[in-house]
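Student: One structure coming up, written as structure tokens, with questions to follow.
The values are calculated or read from the model by the stated rules, or taken from the named source; none is laboratory data. No experiment lies behind these values; they were computed from the predicted model shown. Because the Cβ atoms are built from the backbone with ideal geometry, glycine has one as well, and the counts that use them run over all protein chains shown.
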Amino acid sequence: MMKKEWWHGKTAYQIYPKSFYDSNGDGIGDIPGITAKLDYLKELGVDMVWISPVYLSPCADQGYDIADYYQIDPVFGTMEDMDELLEKAKKREIGVVMDLVVNHCSDEHEWFKKACEDPEGEYGKYFYLEKKKEGKLPCNWRSYFGGPVWEQMPGSDWYYLHVFHKKQPDLNWENPVVRERIYEMINWWLDKGLAGFRIDAIINIKKPQMFKDYPPDREDGLCDMGTVLADTSGIGDFLREMRDRTFRPHEAFSVGEVFNAKDGELGDFVGEEGYFSSIFDFRQTVEGKSVDGWYAARIPTPDDYKRCCFESQREMEGTGFYSNIIENHDEPRGVSHYLPKEARNSKGKKLLAALYFMLKGLPFIYQGQELGMENRCFASIDEVDDISSRDEYQVCLEAGLSPAEAMEVVSRYSRDNARTPFQWSGEENGGFTTGKPWLGLNENYREINLEQQRNDPDSLFAFYQKLIGLRKDPEYRDTVVYGKTEPVLEEESGIMAYFRQGEGQRILVAGNFGQEERLIRIDGVDKGSFRLLLSNGGEPVLDERGMVLEGLQVVIGVV
Ligand code: TEU
Ligand code: CA
């Protein structure tokens, strides 16, 4: 029997602060903007929010480049604003989870500035510094945002390592002093009353013992970081220590951004003795991606999506809980990515919502997902702010794509798809700001917005409220949270169906990705046994042949 934890039954919500709600008209969302919308979050029903970084930052990577971990960036507000948010969230029983970015800091962090002043001194050891050998960089790894991971330190012959942008130097976790300072900072925040942390890019903190070359996988002569990480071991010592020194004594929730857990390692990451409470399930987000870049990626089909979900559910059963998502601030909008074009309507969006939300694990809703916000379609690279998209645009051109083709690729995958401002209403700028938004809204805000859905019992927003309600309902909650996932009809293309088997209770979730009506037969599911809990249409037709699902219909019921 799995030990129960306080966070098991929660529903989490990710806020991308820059684009959530702007309280002062400067076009940038902020902390008072989040506080102002706490009642909205309560109305939706979520009980935990993860807020992407709001620390002091030059914002080369939207706050994922931190210049001071103990300060709030003035564009987001003040520490008093943060304290107020924590207090008001607590009153509403909403736990606040902050982003923990400790693989790297900003090149404008005091530590890095001191390292530049004296690379051979104390602070030089906070980073990975190397010199060229025989005119060559120490190794041929490619940073996630393009180009080599090595950058020359201003005015010296030392090079520092950055697996992300050159404005994000990697912190040297091998140095115990660095680890101490990180734990101290984590505890400082947890003592303020955070519910926990989402831990950014954490799998990168352990580098192989030697900075060595791997076979190049593109014409640039560099190799993907995935190859490097696959050849790295020993991260567990760091993660265990961090857990014991910080999260565990605070009984904090922790969710790791872990892409590359190796086979058989899952239990180390999230078991009862795991490094984290949970990790995100990225199997479906990486499905179809290629080391060549976005232009070579293949969009997953509904059958791919189903296979990914079921593989993850099987892998995790009996070990712990994944955190389940269909999108986040790094990914395209889920409804644009996983639904076939003709299914991108309210009914199809509810289908995808129910299918992912009812999986075993902790559901995370990314802001705007509850309204069915879609990818924005960018016409020119000038409309794109994200550094990753700008790099991938170049990769497209180098691969011989025309600018128009490159923009098509970027529009499909750009991280800015998810970063456009929240669509509160049909008013100017979607009610997000009274000023000029830092990033243009999706033009569809006049049709897709909260105001229009809030009082409509058939809206996607209302559907998410019901899904959350089901997760909390004393009658079903144990099954929804702890029930085992048992896939059925796995070979039936276009159909995704599974049981959640609880103690003395079984819930069926079944959906049809196609436009045509489908007859499905599942042992034990018939007119006498099935009781509907939620659907995106009416009752499914049940007769002696089985269950008939309309095009895009999803049903959740007790059997
Ligand atoms: O992302 C880490 C990561 O490896 C990817 O999601 C990466 O950003 C993506 O493949 C590039 O297209 C985390 C954050 O979620 C992301 O926003 C940051 O940019 C990154 O770390 C660096 O802090
Ligand atoms: Ca603002």
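Student: Quickly run through the range 366-378 and pick out the residues that are touching a helix residue (DSSP H, G or I) at 6+ places or on another chain (Cβ under 7 Å) and of a type outside the set (Phe, Trp, Tyr).
Tutor: Once the filter is applied, which keeps residues that are touching a helix residue (DSSP H, G or I) at 6+ places or on another chain (Cβ under 7 Å) and of a type outside the set (Phe, Trp, Tyr), the range 366-378 yields 369, 370, 371, 372, 374, 375, 376, 377.
Student: List pairs: first residue in the range 505-529 and in a loop (DSSP other than H, G, I, E, B), second residue of a type in the set (D, E, K, R) anywhere in the structure, Cβ distance under 7 angstrom, at least six positions apart or on different chains.
Tutor: 515/342; 517/550; 527/543
Student: For residue 280, work out the one condition from (1) among the aromatic types (Phe, Trp, Tyr); (2) closer than 25 Å to residue 357 by Cβ; (3) without any contact (Cβ under 8 Å) to a residue 40 or more places away in the chain it doesn't fulfil.
Tutor: Against the list (1) among the aromatic types (Phe, Trp, Tyr); (2) closer than 25 Å to residue 357 by Cβ; (3) without any contact (Cβ under 8 Å) to a residue 40 or more places away in the chain, residue 280 comes up short only on (3).
Student: Can you find, within the range 89-104, the residue that is farthest from residue 71 (Cα to Cα) among those that are more than 16 Å from ligand 1 (Cβ to nearest atom) and part of a strand (DSSP E or B)?
Tutor: Within the range 89-104, the match that is farthest from residue 71 (Cα to Cα) is 95.
Student: Anything in the range 479-500 that is in a loop (DSSP other than H, G, I, E, B) and crowded, with 19+ Cβ neighbours inside 10 Å? List them, or say none.
Tutor: Result: 483, single match.
Student: Also, I was wondering about something else. Return the pairs, sorted by first residue and then second, in which the second residue is away from ligand 1 (no atom under 14 Å from the Cβ) and aromatic (Phe, Trp, Tyr), the first residue lies in the range 34-61 and is under 16 Å from residue 195 (Cβ atoms) and assigned to a strand (DSSP E or B), the beta carbons are less than 6 Å apart, and the residues are 6+ apart or on different chains.
Tutor: 49/13
Student: Any residue that is touching a helix residue (DSSP H, G or I) at 6+ places or on another chain (Cβ under 6 Å) and either outside any strand (DSSP E or B) or among the aromatic types (Phe, Trp, Tyr) (or both) - is there at least one of those in the range 112-122?
Tutor: The answer is yes; a qualifying residue exists.
Student: For the range 28-79, how many residues meet the condition of being of a type outside the set (Gly, Ala, Ser) and within 15 Å of ligand 2 (Cβ to nearest atom)?
Tutor: Going through the range 28-79 one residue at a time, the tally reaches 17.
Student: While we're here: So which of 204, 103, 140 ends up being surrounded by 16 or more Cβ atoms within 10 Å (Cβ to Cβ) and in contact with a Gly (Cβ under 7 Å, 6 or more places away or on another chain)?
Tutor: Among 204, 103, 140, only 140 is surrounded by 16 or more Cβ atoms within 10 Å (Cβ to Cβ) and in contact with a Gly (Cβ under 7 Å, 6 or more places away or on another chain).
Here's the yes/no breakdown for (1) surrounded by fewer than 16 Cβ atoms within 10 Å (Cβ to Cβ); (2) farther than 26 Å from residue 493 by Cα:
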| site | (1), (2) |
| --- | --- |
| 263 | yes, yes |
| 266 | no, yes |
| 273 | yes, yes |
| 279 | no, yes |
| 284 | no, no |
| 294 | no, yes |
| 303 | no, no |
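Student: Tell me, please, whether a residue that is outside any helix (DSSP H, G or I) and either within 30 Å of residue 379 (Cα to Cα) or within 25 Å of the chain's Cα centre (by Cα) (or both) can be found in the range 453-466.
Tutor: yes
Student: Looking at 2, 82 in this structure, which one is surrounded by 19 or more Cβ atoms within 10 Å (Cβ to Cβ) and either more than 13 Å from ligand 2 (Cβ to nearest atom) or not in a loop (DSSP other than H, G, I, E, B) (or both)?
Tutor: Exactly one residue qualifies, and that residue is 82.
Student: If residue 239 passes every condition in (1) over 22 Å from residue 327 (Cα atoms); (2) at pLDDT below 95; (3) of a type in the set (A, V, I, L, M) but one, which one does it miss?
Tutor: Exception for residue 239: condition (2).
Student: Here is a follow-up. Identify the residue in the range 368-419 that is outside any helix (DSSP H, G or I) and within 11 Å of ligand 1 (Cβ to nearest atom) and, among all such residues, is nearest to residue 164 (Cα to Cα).
Tutor: Across the range 368-419, the extreme among qualifying residues is 386.
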